[in-house]
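K.L.:
First the structure, which I've put down as C-alpha cells, then a few questions once you've had a look.
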Amino acid sequence: MKILSIPTLAHDASICILENGIITFYKMEERYSRKKHDLSFDCILELLSQENHKHFDKIIISSHFLDDYTYSIEKIKNKIKNLSYDELIIESERHHLYHAYCGFYNSGYEEAICFSVDASGAILSNGEIEIETVYCLSKNSKETQLYQRTREFDTINHSNFDEYYAQIDWNKLSVGEKFCKYSQEIGYNPIDGAGKVMGLAQYKNHKDKLQYPYNTQEWKERVNGAYDLQQETQSHVLNLIKKYTKETGIKNVVISGGYGLNCVANYHYLKNLKNINIYIDPVCFDAGISIGTAYYHSLEPVQPLQNVYIGHQETSYDLKNLQTQKVSYEDIVNLILQKNIVALFQGKSEAGQRALGNRSLLFDARVMNGKDIVNQIKKRENFRPFAGSILQEEASKWFDMLSLKESPYMQYAMNAYENAIEQVPAIIHADNTCRIQTVTQEQNQHFYSLISCFFEKTGVPMLLNTSFNLGGEPLVETFNHAVYTLKNSMIEYLYLPEIETLVT
C-alpha cells in the first residue's frame, strides 16, 4: 500500500509517503521555500510531481485550523490533480492523535501512554480547541483517549500573534501556548522564541554569566519569568505522566507535540521517573504530523524509524566554479583545531529541528569563548548554548546519562561532569548542562569517524555541533543552499565526506 499524507497545518508544513509501512519520501516546506515555519505546500508538492510519483492507494488531506488561515484544501487538490489514486480522503485533522501515532509507532513499544503537548491541537466540532491530550495506544487495539483539556476557540485573527496571545487568559493557555505568549511578551516571535525562553530559564541562579546586552536588570527579570514558566510547565507534564502511568499500570511513555523539544523538561522527567521507559518523538513538532497521519491510515505494520535521516539527498555534486580540494578526516580535524567552523554536508537531511551530523556546523568544544565565536557567526543571541556530539561509548564518562544508554537525537539537557565543565566549555550552558547527541558508527559512519579522529588527537571525544544555517533561517537542505550559505556568511569551509572533498 502506498499512502500520501498532506496535513494542512498552521505552520511547519510537510508531506510524507508511506509504502508498505516504510517512509520513502518526506519533505518539509521551509527547507525549500527558505521561510521558517512555512505553512504552504508550493515547493514540496512541486518536488513530489518531479519525482515521478504517479499512483497512490490513498491520499489523505486533513485540515487543521480555519481555511482562511491554512493552505486551503482546494489549493492542495489543484496541486495534485495529475496524480492518480484509488481513494482520496479529506478529513478534519486529528492533530494530537497524529502526534501520538508518530511518536508511538517510532518508539517500537507494543503499548504506551502517549502525551501530546504543544501550543494547540485541532479545532473540535463543538467550537473548542484541543490543547492537551493523553492516549493509550496499543498495536493490538484501537486507541483510548484518557484525557483531553480544551478551551473555547477564540476566532482572533491568528496571523496576528501579538493580538492573539495578548487577549488570551494565561490560566487558559496550554503548556506550549504559555511559552509562545511569554516569547511574544519579551519581544520574540511566539513560535521561534520558545527555545530561547528555555535557554534563558537556565540562567536563574547564574545571572552573573549573562553578557551585554542581556545583563541588564530588565533581562534578569525576564530570566526569572522564564525560570518560573519552565518550572510550572515541566511540573504539570510530569504530574500528568505520574497520574496516567499509575492509573493504567503502563510503564512505557511517549511524548510528542512541540513541547517535546524542551530538552530541559525531558531530563527532568528522566530524573523523576525512575521506573518509567520514556521515548521522546524526534519529529515531535508539527512537521511530524504528516508521518503520524500516514501511520494512522496504514493497513499494514509500520516499520519504526531507524534514524531521522529521511530528507533530501544529493545524487551528485556540481563542483564547477567552486574551489575544492581532496581531504581526509585528519585534514578536517586540523582545520577545527585551528578554531575554524567547518560545515558538514552529507547524505539525507535530518527530519526535525536538530542537526545530527548531516547538515551541521562543527567547532572545537574546548575553546573557552567558542560559544561566543559561533553565536556571532550564526547571528544568534550570545546567551544561547550549543549542543555537543559525542561518541556513544564515551558519553557516560562526561555526562550524567541517568537511565539512558544513548541519546541520538539531542533530546536531553544533561548534567555535565567536572571533566566536561573544565574541558569543553563551549558546549556547557550556564547551569552546567549540555544537550548532547550520542553518535555510533552504525548511525553515521562519517560523523563517527571524524569525531574519533578528533578524539585520537585531543583526548576529547566530542565536537560542538549546531545546525547548518544562520539565525532566523531554516536548516540547509540542498547542496545549493549549503554553497549559498557558505558564500554569504563568515563560514569558510564546507566538507563533503562522501566524496572526500572540501569546498572553500
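K.L.:
What are the ³J(HN,Hα) values, in whole Hz, obtained from phi via the Karplus relation 6.51 cos²θ - 1.76 cosθ + 1.60 with θ = phi - 60°, for each residue of segment 30-41 in sequence order, with x given for Gly and Pro?
P.N.:
The phi angles translate into 4, 5, 9, 6, 6, 10, 4, 6, 4, 9, 7, 10 Hz.
K.L.:
Let me ask something else. Label ASN140 and THR501 with points 7 Å out from Cα along Cα→Cβ: what is the distance between them in nm?
P.N.:
5.3 nm
K.L.:
Also, I was wondering about something else. For a quick check of your reading of the filter: which GluC sites (Glu not before Pro) in segment 1-64 sit in a DSSP loop and have no more than 14 other Cβ atoms within 10 Å?
P.N.:
Values: sites: GLU19, GLU29, GLU30, GLU46, GLU51; in loops: GLU51.
Passing both the DSSP loop test and the Cβ count: GLU51.
K.L.:
Which order do the peptides 96-102, 193-199 come out in when sorted by mean C-beta neighbours inside 10 angstrom, highest first?
P.N.:
Packing order, densest peptide first, comes out as 96-102, 193-199.
K.L.:
Scan around VAL439 for amide H atoms under 5 Å from its own, H built in the peptide plane at 1.01 Å from N, and keep only partners 5 or more places away or cross-chain.
P.N.:
When sequence neighbours closer than 5 places are left aside, the close amide H contacts are ILE390, LEU391, GLN392.
K.L.:
Using a 1.4 angstrom probe on the protein heavy atoms only, could you order THR144, THR150, THR245 from most to least accessible area? Display every interim value, and only then the final one.
P.N.:
Numbers: THR144 70, THR150 40, THR245 10 Å².
I get THR144, THR150, THR245, largest accessible area first.
K.L.:
I would also like to ask the following. Looking at segment 408-450, which GluC sites (Glu not before Pro) are DSSP coil and have at most 10 other C-beta atoms within 10 Å of their C-beta? Display every interim value, and only then the final one.
P.N.:
Numbers: sites: GLU418, GLU422, GLU442; in loops: GLU442.
Sparse-neighbourhood loop GluC sites (Glu not before Pro): GLU442.
K.L.:
Quote the FRET efficiency, to the nearest 0.05, computed for SER84 versus GLU381 with a Förster distance R0 of 45 Å and r equal to the Cβ-Cβ distance. Each step should come with its number before you reach the end.
P.N.:
On the way: r = 49 Å, r/R0 = 1.09.
For SER84 and GLU381, the calculated efficiency is 0.35.
K.L.:
Taking only protein heavy atoms and a 1.4 Å probe, what accessible area per residue, in Å², does the chain have with all protein chains in place? Please report the intermediate quantities before stating the final value.
P.N.:
Values: 20080 Å² over 504 residues.
About 40 Å² of surface per residue is accessible.
K.L.:
Please state the relative contact order of the chain as a whole percent: Cα pairs under 8 Å, 6+ residues apart?
P.N.:
Numbers: 1047 pairs, mean separation 77.9, N = 504.
Worked out over the chain, it gives 15 percent.
K.L.:
Take TYR85, TYR212 and sort them by solvent-accessible surface of the protein heavy atoms, 1.4 Å probe, largest at the top. Please report the intermediate quantities before stating the final value.
P.N.:
Working: TYR85 90, TYR212 175 Å².
Result of the area sort, largest leading: TYR212, TYR85.
K.L.:
What do the square roots of 5 times the Cα gyration tensor eigenvalues come to for segment 1-146, in whole Å, largest first, as semi-axes of the equivalent ellipsoid? Spell out each step's value before the answer.
P.N.:
Details: eigenvalues 127, 76, 41 Å².
Working through the eigenvalues yields semi-axes of 25, 19, 14 Å.
K.L.:
Next up: Enumerate the residues in segment 443-473 having an amide nitrogen under 14 Å from the point lying 7 Å beyond the Cα of ARG34 toward its Cβ.
P.N.:
469-473, by backbone N distance to the label point.
K.L.:
Calculate for the chain the 222 nm mean residue ellipticity that helices alone would give, adding -39,500 (n - 2.57) per DSSP H run of length 4 or more and normalising by residue count, nearest 500 deg cm²/dmol. Walk me through the numbers before you get to the answer.
P.N.:
Numbers: 15 runs with 159 residues, N = 504.
It comes out at -9500 deg cm²/dmol, rounded to the nearest 500.
K.L.:
Could you tell me which label, among (i) 1.04; (ii) 0.94; (iii) 1.25, carries the value of Cα Rg over 2.2 N^0.38 Å calculated for this structure?
P.N.:
(ii)
K.L.:
Below 8 Å, C-alpha to C-alpha, sequence gap of six or more: please give me the relative contact order for segment 408-491 in percent.
P.N.:
Relative contact order, segment 408-491: 19 percent.
K.L.:
Which value, in Å² rounded to 10, gives the accessible area of LYS271 with a 1.4 Å probe and all protein chains present?
P.N.:
We get 80 Å² for LYS271.
K.L.:
Could you tell me what a quarter of the Cα convex hull surface of segment 452-504 works out to, in nm² with one decimal place?
P.N.:
The Cα convex hull of segment 452-504, projected and averaged over all directions, gives 4.6 nm².
K.L.:
Sticking with this structure for a sec: Out of residues 5 or more away from LEU402 or on other chains, whose amide H comes under 5 Å of its own, with H placed 1.01 Å from N in the peptide plane?
P.N.:
Here the answer is none, since no amide H 5 or more places off falls under 5 Å of that of LEU402.
K.L.:
Trypsin sites (Lys or Arg not before Pro) within segment 333-415: which are DSSP loop residues with at most 15 other Cβ atoms inside 10 Å? Display every interim value, and only then the final one.
P.N.:
Working: sites: LYS339, LYS348, ARG354, ARG359, ARG366, LYS371, LYS378, LYS379, ARG380, LYS397, LYS405; in loops: LYS339, LYS348, ARG354, ARG366, LYS379, ARG380, LYS405.
Those satisfying the criteria are LYS339, LYS379, LYS405.
K.L.:
Moving on to the next point. For segment 291-319 and segment 446-482, what is the separation of their Cα centres, given in Å?
P.N.:
22 Å
K.L.:
Hey, any idea what % of the chain's accessible area is carbon plus sulfur with a 1.4 Å probe?
P.N.:
On the way: 8690 of 20080 Å².
Carbon with sulfur: 43 percent of the solvent-accessible area.
K.L.:
Output the relative contact order of segment 1-109, whole-number percent, from Cα pairs under 8 angstrom with separation of 6+ residues.
P.N.:
Taking the mean separation of contacting Cα pairs over the length of segment 1-109, I get 27 percent.
K.L.:
Also, quick follow-up: Quote to one decimal, in nm, the extra length available between ASP331 and ASN224 on full extension: 0.36 nm per residue of separation minus the C-alpha distance between them. All intermediate terms of the calculation are to be shown ahead of the outcome.
P.N.:
Numbers: separation 107, 0.36 × 107 = 38.52 nm, distance 4.50 nm.
Contour length minus the Cα-Cα distance gives 34.0 nm.
K.L.:
Give me the percent of DSSP beta bridges within the chain that run antiparallel, rounded to the nearest 5.
P.N.:
Numbers: 50 of 79 bridges.
Bridges in the chain that DSSP calls antiparallel: roughly 65 percent.
The values are calculated or read from the model by the stated rules, or taken from the named source; none is laboratory data. Computed from a predicted structure; not experimentally measured. Because the Cβ atoms are built from the backbone with ideal geometry, glycine has one as well, and the counts that use them run over all protein chains shown. SASA here: full protein model, heavy atoms, side chains in, ligands and nucleic acids out. Shrake-Rupley method; radii C 1.70, N 1.55, O 1.52, S 1.80 Å.
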